[in-house]
Amino acid sequence: MKAYCVSVVVGYRESANVFLKELLRKKVVDALLAPAESETGKSVTWTLVTEPGEVDKLNVFAPIIPGYSGATLVSEITRETPLSKRVGVVLKPCEIKALIELVKFGQVNMDNLVLIGTDCYGTYHVLKYGEMVGEGKNPTEEMLRHYFSGVEDENFRVHCKLCDNPVHEAADITMGFIGNSEPEKLFLIPNTSKGQGILGELNFIEDNVQGREMKIKEIEKRRRGNREKFISSSEREIGDIKKLSGILENCINCHNCMEVCPICFCKECFFDSDRYSFVMERYMKWDADKGAYPLPTGKLQFHIGRMIHMATSCVGCGLCEQSCPMDVELSKILVPLAIEAQRVYSYKPGMKIDEKPPLMVIDESELEKFIEEG
Ligand code: SF4
Ligand code: SF4
Ligand code: SF4
């Protein structure tokens, strides 16, 4: 595999910033949208950078997604009006997957975007990340230490330990470390003709990447194994409606999980309407035959509705679970459901821009089975 490399400085963050600075200096892009270190250093903040002198604030390999997916932000800034200036956006693989799903649903306009991906071995919950920094640890070094020793970090978020996309080749350029035998060498891999054109104009050393594909396959295989184990134990835990309600029992119906989900893009949501407002008469009518019913009823419907809406396009970023103030283990519900729905439709969301999501395709033959049965 042909790549370019940056190894002039110590550390992936610094190497990435050498490259990103060049993009601004040479006016390849007018701005960069990427995670920058927060004021306290205990988190990162999505930041739009236009001056090369500000690039050193960026920390694109920080193993954290700060609340919202970068895909959500790109949708916010491009959905109504295409960008008039060229913006380089730096995203992790699950954020690229979300971006691709949003393009399919008409929620992102890719004009003037340069997509820059990073390899990702796993991220920490935002609070864990802050805690690690508070204890004097460097989360990026911790993540890399686990990567180079070939083991999972038990502290990674659940979805990361199940993630089989440590890289995403839909980015114009990938900034990568996977497959690297020299810990400080950053690969710049062109995946598209746009990416090749950009890298061809910059003065980085051409290189051959060896061992990357093998390492990627190794991670994918391990993660699929983790996922199988996770799914079978989750299925035992959520086997019926009673158990499902048990997982959700501490849910306070705050809808954070919906707010942060990059795939949940409707501006007006049925579940935010007054359909489930506390009107006793409605509860009496709906559940008249039950004798006793927990209130408010909207909670379970909200989650079932979200599962139906999300299952085929869920990209497994885990931001729903990260955003939950009550530590509801949403992964136990959503991961088995999404994997099964995606298997049934032979659809892997966020991989190919020209592959339509099942929700957008009406295939009459799908109905035949039900017509026959009916
Ligand atoms: S889900 Fe995958 S790509 Fe996303 S942060 Fe976790 S490991 Fe990285
Ligand atoms: S449902 Fe959760 S894991 Fe799936 S895309 Fe939305 S936030 Fe990510
Ligand atoms: S974020 Fe947690 S508490 Fe809020 S609605 Fe979702 S599951 Fe319930």
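The values are calculated or read from the model by the stated rules, or taken from the named source; none is laboratory data. Source: prediction; values computed, not measured. FYI the Cβ positions are ideal-geometry reconstructions off the backbone, even for glycines, and counts take in every protein chain you see. SASA here: full protein model, heavy atoms, side chains in, ligands and nucleic acids out. Shrake-Rupley method; radii C 1.70, N 1.55, O 1.52, S 1.80 Å.
Give the residue that is least open to solvent (accessible area, probe 1.4 Å), with candidates limited to residues of the range 46-57 that are under 15 Å from ARG13 (Cβ atoms) and in a strand (DSSP E or B). It would help to see each step written out before you state the result.
Going through the range 46-57, the residues under 15 Å from ARG13 (Cβ atoms) turn out to be 47, 49, 54-57.
Next cut, in a strand (DSSP E or B) only: 47, 49.
Details: THR47: 44, VAL49: 7 Å².
Looking at residues that are under 15 Å from ARG13 (Cβ atoms) and in a strand (DSSP E or B), I get VAL49.
How do the pairs read when you match residues in the range 81-97 that are in a strand (DSSP E or B) with residues anywhere that are within 13 Å of ligand 2 (Cβ to nearest atom), using Cβ under 8 Å and keeping only pairs 6 or more apart or on different chains? Between residues of the range 81-97 that are in a strand (DSSP E or B) and residues that are within 13 Å of ligand 2 (Cβ to nearest atom), the close pairs are VAL89/GLY70; VAL90/GLY70; LEU91/GLY70; LEU91/ALA71; LEU91/LEU99.
The numbered conditions (1) without any contact (Cβ under 8 Å) to a residue 60 or more places away in the chain; (2) not assigned by TED's automatic domain parsing to the domain that holds VAL335 are all true for GLU201 except (1).
Condition first: modelled with pLDDT of 80 or more and surrounded by fewer than 16 Cβ atoms within 10 Å (Cβ to Cβ). Now tell me which residues in the range 356-374 satisfy that. Don't jump to the end; show me each part of the working.
Restricting attention to the range 356-374, the residues satisfying the condition of being modelled with pLDDT of 80 or more are 356-361.
Residues satisfying the conditions are LYS356, LEU359, MET360, VAL361.
With respect to GLY176, is the statement that it is touching a strand residue (DSSP E or B) at 6+ places or on another chain (Cβ under 9 Å) and small (Gly, Ala, Ser) true? First the steps, then the outcome.
Working: touching a strand residue (DSSP E or B) at 6+ places or on another chain (Cβ under 9 Å): yes; small (Gly, Ala, Ser): yes.
Judged against the criteria, GLY176 is a match.
Of everything in the range 118-132 that is crowded, with 17+ Cβ neighbours inside 10 Å and aliphatic (A, V, I, L, M), the residue that is farthest from ligand 1 (Cβ to nearest atom) is MET132. For the range 311-334, a residue qualifies if it is away from ligand 3 (no atom under 12 Å from the Cβ) and surrounded by fewer than 22 Cβ atoms within 10 Å (Cβ to Cβ), and the qualifying residues are ALA311, THR312.
Selection of the range 161-181 for residues being more than 16 Å from ligand 2 (Cβ to nearest atom) and open to solvent by 20 Å² or more (accessible area, probe 1.4 Å) yields GLU169, ALA170, SER181. Cβ-Cβ distances below 7 Å connect the following pairs, each with a first residue in the range 252-267 that is away from ligand 2 (no atom under 12 Å from the Cβ), a second residue that is open to solvent by less than 40 Å² (accessible area, probe 1.4 Å) and not aromatic (Phe, Trp, Tyr), and a separation of six or more residues or different chains: ASN253/GLY298.
Scanning the range 104-117 for residues that are open to solvent by 40 Å² or more (accessible area, probe 1.4 Å) and either closer than 20 Å to PHE61 by Cβ or out of contact with any Leu (no Cβ under 7 Å at 6 or more places or on another chain) (or both) turns up PHE105, GLY106, ASN109, MET110. In the range 79-109, the residue that is farthest from ligand 3 (Cβ to nearest atom) out of those that are among the β-branched types (Val, Ile, Thr) and modelled with pLDDT of 95 or more is VAL87. Being free of Cβ contacts under 8 Å to residues at least 12 places away in the same chain and small (Gly, Ala, Ser), is that true of even one residue in the range 117-124? Looking through the range 117-124, none of the residues is free of Cβ contacts under 8 Å to residues at least 12 places away in the same chain and small (Gly, Ala, Ser).
State all residues of the range 192-204 that are open to solvent by 50 Å² or more (accessible area, probe 1.4 Å) and in contact with a strand residue (DSSP E or B) (Cβ under 6 Å, 6 or more places away or on another chain); if no residue qualifies, say none.
Initially, the range 192-204 is screened for residues open to solvent by 50 Å² or more (accessible area, probe 1.4 Å), giving 193-194, 196, 200-201, 203.
Of everything in the range 192-204, just one residue is open to solvent by 50 Å² or more (accessible area, probe 1.4 Å) and in contact with a strand residue (DSSP E or B) (Cβ under 6 Å, 6 or more places away or on another chain), namely GLN196.
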